[in-house]
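Enquirer: Sharing a structure with you now.
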Amino acid sequence: MKIVVLVKYVPDIEIGYEFTGQNTLDRSGAGLLSQLDEHPLEEARQLAEALDDVEVIALTLGPDDADEAVRRALQMGADAAFHVSDPAVAGSDAGATALVLAKAITHIGDVDLILTGAESADSGTRLVPVKLAALLGIPALTGASSLAVQPGGGAVTIERDEDAATLTLSAPLPALVSVTDKANEPAYPSAKAVMLARRKPVDELDLADLGVDASLVGAGAARVAVGSVTPNPPRAGGRKIPADGPDAIGQFIGLLREAGLV
Amino acid sequence: MWYALPVIGLLATVVGWSLLAWRVTSYVRGFRAGAAELPGSRTARPGARTATMLREFLAHTRLRRKPLVAVAHWLTMLSFLVLVLTLAQATGQLFSPSFELPVIGHFAPYAWLTEFFAWAGLLGILVLIAVRLVASRASLGRGSRFFGSHQWRARYVEATILLVCVAVLWLRGLEAALSERGAESASAELLFPSTAWIGSLYGGVTDAALDGWIGCLALFKILVSYAWMVVVSLTPTMGVAWHRFLAFPNLWFAKRPDGAPALGGLEPLVVGGQAVDLNDPATPDDVYEHLGVGYAAELTWRDLLSLTTCTECGRCQEVCPAWATGKALSPKLLVGALRDHAWAEWPVGSMGDAATPLVGGDAPWAVSPEALWACTTCGACTAICPVGVEHVDHVIDLRRRQVLGEAEFPAELGGAFRNLERRQNPWGLPGKKRLDWTAGLDFDVPVLGETVASLAEVDYLYWVGCAGAFDDRGQATARAFAELLHRAGVSFAVLGTAECCTGDPARRAGNESLFGDLAAGNVEVLNQAGATKIVVTCAHCFNSLAGEYGPFGGHYEVVHHTELLADLVEAGRLTPGDLPDEPLDAHGRSVKPSVTYQDPCYLGRHNGKYAAPRRVLGAIGNLELTEMASAGPNSVCCGAGGGRMWLEETEGTRLNQRRADQAAATGAGTIATACPFCAVMLGDAVAADSGSGTQVKDVAQLLLASIAGEGTP
Ligand code: SF4
Ligand code: SF4
């Protein structure tokens, strides 16, 4: 079984981010593998452990710096990686991104299962997985909090936790599944895994390799234009009540009253 | 019938010595089968090693906290050596009751020495027996240092010594009686000064009966001694007996030739006797199968020797803060578990795939992960162990395997590791905030590369540390220290956003690869900046920068801020004033601020620095320093070390609360410390008890308060 995990190199947004003059995220600072993508990687690693003959491939579309995300994906259990990088891709919208990824998946060939994170840590549109599945003509199961592949590999079943109910969904393979952070606790790679990752093959590809017409991607081809970006003012710091302090509960309830919440 | 005596005696002799020889050979073969140590690390400076061994042997310095036991043990130990010859004497007496050792048998000083040490040994062992009985009484439960020790083994050894001493004295009395009857009766007084009275009790018995008494008693003594030899030879894990031999080589092969405890900077990761660089692609693959210590076969020969030497005296258990607060960890039981494990799979390495992992697993002697991760690496155990067991290194070796090899460790640590990887500090805060602590100072803190072009222009590089940069209390200390430097006219610069965690939390948690990355990065920055003199406000940063960066090419003169402040005060460059009085007491009298000082483990025990902070505190006016019951080398951990700062503390009671209570027992209103981690832990503990009003301050803050006279900052 061949599993492709889509991984993305993102700026470290948890510690704050800035925008460029072109209304895009400033990606010049240090980045990392999107934390949300660690969950599909972990899921793939666990599947590879549980089933025979599983090959896990990490696929990323991103600048040269995205090597960092690729390296991490390989440490976390991917057997090989494909890194698509082309200056023409910069500024692509979700549609163009999905197009390039679809071509890359076809290039990889014989893919049974595509795993993605619940969303990208930076733009967070959640559009790419479904568009990609549509382009490939395969079913997409989104928001999996758990995932199982039928023995023999004919179908994939997921659970999706929704506010009202938990759904169990299945689809025949090949299929695409997006995995949430509830699915697993990503394992920290051992030193041996880090060492072995250095030897795993990474294929660097550009648009020409994939046969993608450069005019279909990039900022110029974006069908959605970002009119303006206005960063929100930082949230005012909350008030801390030490849990073990005097009358913590009383203080807490007092605050709720003040705010008119009780 | 009397022919039976020598026959039984000689049989016992042959069996006893043969088994002992067999066991000693098996020990040597077993130890040699252990993994290699870093070349030279256990043999460099043989002169100093010999001196250390002799000092611990003759002066028992590690027993200083129990003077009665020290004296009793000293006497018992020497009596064992001196009384060895009485075994030969007794053997001769099996053949002829009037047997005397050639040459010395009639030599009065030898006789006196024997009698003195027989009585001394008797007295010593009686004291030790009493101490064990009292210290292991059931009502103490876990509070006994002997909890979990193999008590029957110890009692057996004690009984043997007791019986041997009694037999030696009794036999001498009988010998005195015999010599009274012989030609040389005049010498009885001289040769049997303290045992002739025993002989006088036998005045009425016949010559034949006296001979019979001597023969039987000699056989008894021999059987007691050889039974001991047989038992200990068959019980290789009986450190309470074996330490009398193994302690000598174990002390000689100590990590620090001069006898300092095996603390401070850690040794690099070693596999097969070679330091391992995990970032070097040329490191052979099979090395990755043996990172740290995961199986008995990976224990080094010194590990095996040291584990086997443990006497189960429980001194380490008694001082362990994790054990005292109800955690699964006891350093003694950890050592015992590793020892039993190694011996169950002895000769080490012979078990192949049947060997079981040292940590986790269901072998009865497996170390539980809870115990392994409860250690704060405070070093109290290692500092006190009389036979030189190096607990902290064992803990680190086991953790290294768990992290690097098995990727098995508490989940919270994964968060700290990721923070260190991504943001180069365990808090996971953005590096660009590293200078936030300078806000509010009324002078500009010089930053290298911004306001200071080269470190050649300044006296010191001030290494702020992550706590100084990101933690509220740490920031306040950093501000106070910078202000003091500024006032004293000491020029300094900070690295600002170029500073990264020293890697201490990663290293103590076993993540050698992450530590290596951080250390290498820091050394590159420091060397590029031309750093030579570095001052730090954190005990952990001190330990890493001063003691662990050498192998990475980082050699600096590192001083702790309390050392620099003490020097500045004594040189007259800072003039401490008086601390303001505390609020009036109930009787309206003024109260002098009373301060107690918490020795940070990584400043005190790990690096031997106890004086400087006290010099500073002593120079501050209107301050009363009240030491805690356990201070200085006996100080008790706050609970933050060994990566524990980043772990939940769910088992038992809290370490920080316990130490805060000990501080409160001094009646001091202020706990002074010299490490931001102690400040966080103790600060949290006193905050939880809001009625106490106790405050926690760094020494620098108190000094500044006394100078600035504006109340405690
Ligand atoms: S390790 Fe040392 S201090 Fe601890 S029980 Fe053994 S001999 Fe005693
Ligand atoms: S280092 Fe401290 S916490 Fe760890 S075992 Fe020794 S005494 Fe206990």
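A short reminder: the numbers here are calculations on the coordinates, not readings from a lab. Note that the structure is predicted; figures quoted are calculated from it, not measured. All Cβ positions, even for glycine, are placed from backbone atoms using ideal geometry, and neighbour counts span all protein chains on display.
Enquirer: Return the calculated 222 nm mean residue ellipticity for the protein assembly as shown, to the nearest 500 deg cm²/dmol, obtained by summing -39500 (n - 2.57) across DSSP H runs with n ≥ 4 and dividing by the residue count.
Expert: Using -39500 (n - 2.57) per qualifying helix, the result is -13500 deg cm²/dmol.
Enquirer: Going by alpha carbons, how many degrees (0 to 90, nearest 10) lie between the helix axis of A:94-108 and the longest principal axis of chain A?
Expert: Orientation of helix A:94-108: about 40 degrees from the principal axis.
Enquirer: Take every DSSP beta bridge whose two residues both sit in the protein assembly as shown, then give the antiparallel share in percent to the nearest 5.
Expert: Working: 18 of 68 bridges.
That works out to approximately 25 percent antiparallel.
Enquirer: Please report the net charge: other residues with Cβ closer than 12 Å to the Cβ of B:ARG589, K and R +1, D and E -1.
Expert: On the way: positive: B:LYS592; negative: B:ASP581, B:GLU582, B:ASP585.
Net of charged neighbours comes to -2.
Enquirer: Fewest Cβ neighbours within 10 Å first, please rank B:SER194, B:SER225, B:SER491 accordingly.
Expert: B:SER491, B:SER194, B:SER225
Enquirer: Lysines near A:LYS103 by alpha-carbon distance under 27 Å, same-chain residues fewer than 8 away left out - which ones?
Expert: List returned: A:LYS2, A:LYS8, A:LYS131, A:LYS200.
Enquirer: Ok, one more. Take peptide A:186-198, look around each residue's Cβ out to 10 angstrom, count Cβ atoms belonging to other protein chains, and average those counts.
Expert: Values: counts 2, 3, 13, 3, 11, 19, 10, 3, 5, 9, 2, 0, 2.
Neighbouring Cβ atoms belonging to other protein chains average 6 per residue here.
Enquirer: Another question, then. Pull up all non-local amide H partners of A:LEU59: gap of 5 or more, or a different chain, and H-to-H distance under 5 Å with H placed in the peptide plane.
Expert: HN-HN under 5 Å from A:LEU59: A:VAL5, A:LEU6, A:VAL7, A:PHE82.
Enquirer: Just rank A:VAL229, B:VAL232, fewest to most, by other beta-carbon atoms within 10 angstrom.
Expert: A:VAL229, B:VAL232
Enquirer: Note down, for chain A, the three equivalent ellipsoid semi-axes (square root of 5 times each alpha carbon gyration tensor eigenvalue), biggest first, whole angstrom.
Expert: 34, 25, 19
Enquirer: Suppose every Lys and Arg Cβ carries +1 and every Asp and Glu Cβ carries -1, with no other charges. What dipole size does chain B come out with about its Cα centre, to the nearest 20 debye?
Expert: Dipole of chain B, to the nearest 20 debye: 1460 debye.
Enquirer: Residue-wise, which Karplus ³J(HN,Hα) couplings in Hz belong to region A:166-173, taking 6.51 cos²θ - 1.76 cosθ + 1.60, θ = phi - 60°, and x for glycine or proline?
Expert: Values per residue, Gly and Pro as x: 9, 9, 10, 10, 9, 8, x, 7 Hz.
Enquirer: Next question, about the same structure. Among B:159-166, B:31-38, B:320-327, what's the highest-first ranking by average C-beta atoms within 10 angstrom per residue?
Expert: Details: B:159-166: 20.2, B:31-38: 17.1, B:320-327: 22.6.
Ranked from most to least packed, the peptides come out as B:320-327, B:159-166, B:31-38.
Enquirer: Can you run phi through the Karplus equation (6.51, -1.76, 1.60; θ = phi - 60°) for region B:561-578 and list ³J(HN,Hα) in whole Hz, with x for Gly and Pro?
Expert: 4, 5, 5, 5, 5, 4, 5, 5, 5, 5, 7, x, 7, 10, 10, x, x, 9
Enquirer: Of the peptides B:336-342, B:665-671, B:43-49, A:114-120, how do they stack up when ordered by the mean number of other Cβ atoms within 10 Å, highest first?
Expert: Packing proxy ranking, top to bottom: A:114-120, B:336-342, B:665-671, B:43-49.
Enquirer: If you don't mind, another one. Scan around B:VAL696 for amide H atoms under 5 Å from its own, H built in the peptide plane at 1.01 Å from N, and keep only partners 5 or more places away or cross-chain.
Expert: So B:VAL696 has HN proximity to B:ILE671.
Enquirer: May I ask which residue of B:SER194, B:ALA469, B:THR237 lies farthest towards the positive end of the charge dipole of the protein assembly as shown, with charges of +1 (Lys, Arg) and -1 (Asp, Glu) on Cβ and the Cα centre as origin?
Expert: B:SER194
Enquirer: Which of the GluC sites (Glu not before Pro) found in region B:597-695 are in a DSSP loop and have at most 12 neighbouring Cβ atoms, other than their own, within 10 Å?
Expert: Values: sites: B:GLU624, B:GLU627, B:GLU648, B:GLU649, B:GLU651; in loops: B:GLU627, B:GLU648, B:GLU649, B:GLU651.
For GluC sites (Glu not before Pro) across region B:597-695 that sit outside H, G, I, E and B with at most 12 neighbouring Cβ atoms in 10 Å, the list reads B:GLU648.
Enquirer: Let me ask something additional. Just need the Rg to Rh number for the protein assembly as shown, please, alpha carbons only, Kirkwood Rh. Walk me through the numbers before you get to the answer.
Expert: Values: Rg = 35.2 Å, Rh = 32.9 Å.
With Rg and the Kirkwood Rh in hand, the quotient comes to 1.07.
Enquirer: Something else about it: Average partner chain C-beta neighbours within 10 Å, per residue of B:513-520?
Expert: Details: counts 5, 2, 0, 0, 0, 0, 0, 0.
Other-chain Cβ atoms within 10 Å of each residue's Cβ, averaged: 1.
Enquirer: In terms of modelled amide H atoms, which long-range or inter-chain residues lie less than 5 Å from the amide H of B:VAL535?
Expert: B:LEU461, B:TYR462, B:TRP463, B:VAL559
Enquirer: Please compute, for peptide B:239-247, the average count of beta-carbon atoms on other protein chains lying within 10 Å of each residue's beta-carbon.
Expert: 0
Enquirer: Can you pull out the trypsin sites (Lys or Arg not before Pro) in region A:162-201 whose DSSP state is coil and whose Cβ has at most 15 other Cβ atoms within 10 Å?
Expert: Passing sites in region A:162-201 are A:LYS182, A:ARG198, A:ARG199.
Enquirer: Here is a further query. Taking region B:164-262, which GluC sites (Glu not before Pro) meet the DSSP loop condition and have no more than 14 other C-beta atoms within 10 Å?
Expert: Answer by residue number: B:GLU184.
Enquirer: For helix A:248-258, what angle does its Cα long axis make with the longest principal axis of chain A, in degrees from 0 to 90 and rounded to 10?
Expert: 90 degrees
Enquirer: What relative contact order, as a whole-number percentage, does chain A give when Cα pairs under 8 Å and 6 or more residues apart are counted? Walk me through the intermediate numbers first.
Expert: Details: 491 pairs, mean separation 59.4, N = 262.
Result for chain A is 23 percent.
Enquirer: Hey, another quick one. Quick one: dipole size for chain A, taken about the Cα centre, charges +1 on Lys/Arg Cβ and -1 on Asp/Glu Cβ, in debye to the nearest 20. Intermediate values should be presented prior to the final figure.
Expert: Working: 20 positive and 37 negative charges, 71 e Å.
About 340 debye.
Enquirer: While we're here: Quick check on packing: order B:208-217, B:139-148, A:80-89 by the mean number of other C-beta atoms within 10 Å, highest mean leading.
Expert: Final packing ranking: A:80-89, B:208-217, B:139-148.
Enquirer: Return a whole-number percent for the relative contact order of region B:617-713, with Cα pairs under 8 Å and 6 or more residues apart as the contact set.
Expert: 27 percent.
Enquirer: Relative to the longest principal axis of chain B, what angle (0 to 90°, nearest 10) does the C-alpha long axis of helix B:331-344 take?
Expert: 60 degrees
Enquirer: Could you list B:HIS150, B:HIS560 so that the one with the fewest beta carbons within 10 Å of its beta carbon is first and the one with the most is last?
Expert: Values: B:HIS150 16, B:HIS560 27.
Going from sparsest to densest Cβ surroundings: B:HIS150, B:HIS560.
Enquirer: Pairs of alpha-carbon atoms within less than 8 angstrom and 6+ residues apart define the contacts here; what relative contact order does region B:295-405 have, in percent?
Expert: In percent, rounded to a whole number, it is 32.
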